């Protein structure tokens, strides 16, 4: 057995001990390769060989640019959308929307046609006239989806389709109903009209800013609702005790 194999076996033994000493099955970030090689007094090459074995066994996994982790890897990739909904949360969804939708509104304003403007006007009016949460959700979703379609960017459109499906997940409906108070919808109507006005004027930057303002406002409502639920649960626990 050569020195590389011996060092790799030693590193593997030390890594197994390190993993066994962890106190839970939750995700843990391991020290860097440089730190581990110094700790075990082996070469980086020998350490990587040991890490490769553990990765093949499913004991660890690597995330490009972030390091090596132990524990259960968070599922990604080709996971069905209804399963993604169980791994994310409303704040994460809003964070993604805030990053994407202002750009979509900007592109829509730059590429707006009379037909698009007419369609958006009808959808905004339908949302304003909605008299229940289900109707509001339907027309609100259609309004935002139409803006995405107008961007002409197929990847953005696909991402928005995934987000929209997550928003419609049954497990989220009760939460979304609480967020959508009468006052909240009234504010959203005003903000929809501001977005529409910017698109109607063919002003990309105004459309981008109006969409960002709308989504940040909605994110704040989501955070407020989550805080309210947490406070209610805390009071219930105190009363029980």
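Those residues that are surrounded by 14 or more Cβ atoms within 10 Å (Cβ to Cβ) and outside any helix (DSSP H, G or I), I need them from the range 110-148; list them, please.
111, 112, 130 - these are the residues of the range 110-148 that are surrounded by 14 or more Cβ atoms within 10 Å (Cβ to Cβ) and outside any helix (DSSP H, G or I).
Does residue 85 satisfy the criteria of being surrounded by 15 or more Cβ atoms within 10 Å (Cβ to Cβ), modelled with pLDDT under 75 and in a helix (DSSP H, G or I)?
Spelling it out, residue 85 is indeed surrounded by 15 or more Cβ atoms within 10 Å (Cβ to Cβ), modelled with pLDDT under 75 and in a helix (DSSP H, G or I).
Report whether or not residue 240 is at pLDDT below 90 and either out of contact with any strand residue (DSSP E or B) (no Cβ under 6 Å at 6 or more places or on another chain) or assigned by TED's automatic domain parsing to the domain that holds residue 113 (or both).
Judged against the criteria, residue 240 is a match.
Would you mention how many residues in the range 206-220 are closer than 10 Å to residue 106 by Cα and touching a helix residue (DSSP H, G or I) at 6+ places or on another chain (Cβ under 7 Å)?
5
Working carefully through the options 127, 148, find the one that is assigned by TED's automatic domain parsing to the domain that holds residue 90, in contact (Cβ under 8 Å) with a residue 24 or more places away in the chain, over 19 Å from residue 98 (Cα atoms) and in contact with a helix residue (DSSP H, G or I) (Cβ under 8 Å, 6 or more places away or on another chain).
Of the residues listed, the single one that is assigned by TED's automatic domain parsing to the domain that holds residue 90, in contact (Cβ under 8 Å) with a residue 24 or more places away in the chain, over 19 Å from residue 98 (Cα atoms) and in contact with a helix residue (DSSP H, G or I) (Cβ under 8 Å, 6 or more places away or on another chain) is 127.
Which pairs do you get when a residue that is in contact (Cβ under 8 Å) with a residue 12 or more places away in the chain, found in the range 189-218, comes within reach of a residue that is buried (at least 16 other Cβ atoms within 10 Å of the Cβ) and outside any helix (DSSP H, G or I), reach meaning Cβ atoms under 6 angstrom, with the pair 6+ apart or on two chains?
199/112; 202/112
Among the residues that make up the range 23-39, is at least one of them part of a loop (DSSP other than H, G, I, E, B), modelled with pLDDT under 85 and surrounded by 12 or more Cβ atoms within 10 Å (Cβ to Cβ)?
The answer is yes, given that some residue of the range 23-39 is part of a loop (DSSP other than H, G, I, E, B), modelled with pLDDT under 85 and surrounded by 12 or more Cβ atoms within 10 Å (Cβ to Cβ).
Which one is modelled with the highest pLDDT, of the residues in the range 159-185 that are in contact with a helix residue (DSSP H, G or I) (Cβ under 9 Å, 6 or more places away or on another chain) and more than 17 Å from residue 84 (Cβ to Cβ)?
Per the criteria, the residue is 185.
The values are calculated or read from the model by the stated rules, or taken from the named source; none is laboratory data. Computed from a prediction, not measured in an experiment: that's the story for all the values here. Ideal geometry is used to build each Cβ from the backbone, glycine not excepted, and the neighbour counts take in all protein chains shown.
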